[in-house]
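Rule-based calculations on the coordinates, nothing more; no lab input. For clarity, every value in this text was computed on a predicted model and none was experimentally measured. Here the Cβ positions follow ideal geometry from the backbone for every residue, glycine too, while neighbour counts run over all protein chains shown.
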Amino acid sequence: MRLTYICEMQLLFSFIIPVYNRPDETQELLESFRALNGSIDFEIVIIEDGSTISSKQIIKQFEEQLNISYYQKPNSGPGDSRNYGMLKAKGNYFIILDSDCILPKNYLIEVEKALDLEYVDCFGGPDAAHHSFSNLQKAINFSMTSFITTGGIRGKANSINSFEPRSFNMGLSKPAFIATNGFGQIHPGEDPDLSIRLTKQGFKTKLLPKAFVYHKRRISWSKFYTQVYKFGSVRPILNSWHPTTSKITYWLPTGFLIFLIVSLVSLEFQFYLPLGFLGFYYILVFVTAFINTKHLGIAFQALFAVNIQFMGYGYGFIKSTLKLLFSNKTAQELFPNLFFKTL
């Protein structure tokens, strides 16, 4: 009934974009909106989430060319800000983006084409590295998206169905938003939590492989470690909330970290086999990164990025798992830094 009702309506797209102290990113994203191909009508809802560096003057430059609604509110995190934007939006289908994304020219055409072919209440799209990105950004993008590092969970062909969209590039119907109340207070992790709750309520999620965005990720090595550490810390919490979604694959980064320690310790006993396996994997990463990027420097940096990703996620995962296992406190009490308070 839900599918029939929506498909009989014209899809009206509202882009939902929370912003926090990122006027430069806002300008780049709006410039990519201005360059979109096609004649599909859409609105842009920008939510300034308690920023001290406002994007207001940047937005004024685009108001005559784009249909923009701009809201300012106290800081309550990206999840709550997205919910706020969806409540204010006029459309019946929301497309949620991070402010550090750039849209390719055919993005909205690919979204509409895919939804016309097979409607779903929630979709996710992959991310890619734009040619203008720095070598660091391209190396981190490879580490976060390559099949040999993440298994393709961020947007490869083998994860098209039963896909957990990520909120840097995510579509959500208005009925699905109303039924689930949108994003929760946890961050990061609010997007897989919403995806799981959508599936439990019978809404279908799907990957749209051609609806990709260029995800800039303005981060340093230290910020990348902090990010993946938080990703790892959040997953055991999600597993405790949604036990049926727990998978052995979530333990792989922790397994890598343990194997790395074992490999180094084994050198003291002149046992080199573990290090040989590790070396083979590093060669595979390097070669794959070089084939993917055609750049030796990026391939070398990709080795560093993979190590940071696995060690940060793995350490965060095992630490969070043990704290949840041996404590009677709630996740909010154990990890207050991973939760925002809603307004």
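Estimated at 0.36 nm per residue, the fully extended path between K60 and V262 surpasses their Cα-Cα distance by 67.1 nm. Tell me, what HN-Hα J-couplings in whole Hz come from the Karplus equation 6.51 cos²θ - 1.76 cosθ + 1.60 at θ = phi - 60° for each residue of region 202-212, using x for Gly and Pro? Going residue by residue, I get x, 7, 8, 10, 7, 8, 9, x, 8, 8, 8 Hz, with x marking Gly and Pro.
Please say if region 170-212 is rounded, prolate or oblate, where rounded means a/c under 1.5 for a ≥ b ≥ c the square roots of the C-alpha gyration tensor eigenvalues, and otherwise the choice is prolate for a/b larger than b/c and oblate otherwise? Because a/c hits 1.5 or more and a/b fails to exceed b/c, region 170-212 counts as oblate.
One decimal place: the segment N92-S39 gains 17.3 nm when fully extended, by the rule 0.36 nm per residue minus the C-alpha distance.
By the compact-protein rule of thumb, 2.2 N^0.38 Å, the alpha-carbon radius of gyration of the chain corresponds to a ratio of 1.02. When you restrict to C-alpha pairs under 8 Å that are six or more residues apart and normalise by the size of the chain, the relative contact order lands at 19 percent. Per residue, the average separation of C-alpha pairs within less than 8 Å and at least 6 apart gives region 231-338 a relative contact order of 45 percent.
Full extension of the segment from W251 to T52, taken as 0.36 nm per residue of separation minus the current Cα-Cα distance, would add 67.8 nm.
Can you give the angle from 0 to 90° between the axis of helix 190-200 and the longest principal axis of the chain, with both taken from C-alpha atoms, to the nearest 10? Between helix and principal axis, roughly 80 degrees. Spin-label pair K341-N21: with each label point 7 Å from Cα along the Cα-Cβ axis, the two points sit 2.0 nm from one another. Overall shape: oblate for region 1-143, with the ratio a/c of the largest to smallest alpha carbon gyration tensor axis at 1.5 or above and b/c at least equal to a/b. Of the beta bridges in the chain, as assigned by DSSP with both residues counted there, near 35 percent are antiparallel. The angle between the Cα long axis of helix 252-266 and the main principal axis of the chain comes to about 20°, on a 0 to 90 degree scale. Label-to-label distance, Q332 versus L278, with points set 7 angstrom from Cα along the beta-carbon direction: 4.1 nm. Cα centroids of region 294-343 and region 188-238: how far apart, whole angstrom? One Cα centre to the other: 12 Å. Here is how the number arises for the chain: DSSP H runs of 4 or more residues each give -39500 (n - 2.57), the sum is divided by the residue count, and the result at 222 nm is -15500 deg cm²/dmol. Summarising the amide proton neighbourhood of K206: residues at separation of 5 or more, or on other chains, whose placed amide H is nearer than 5 Å comprise C122, F123, G124, F163.
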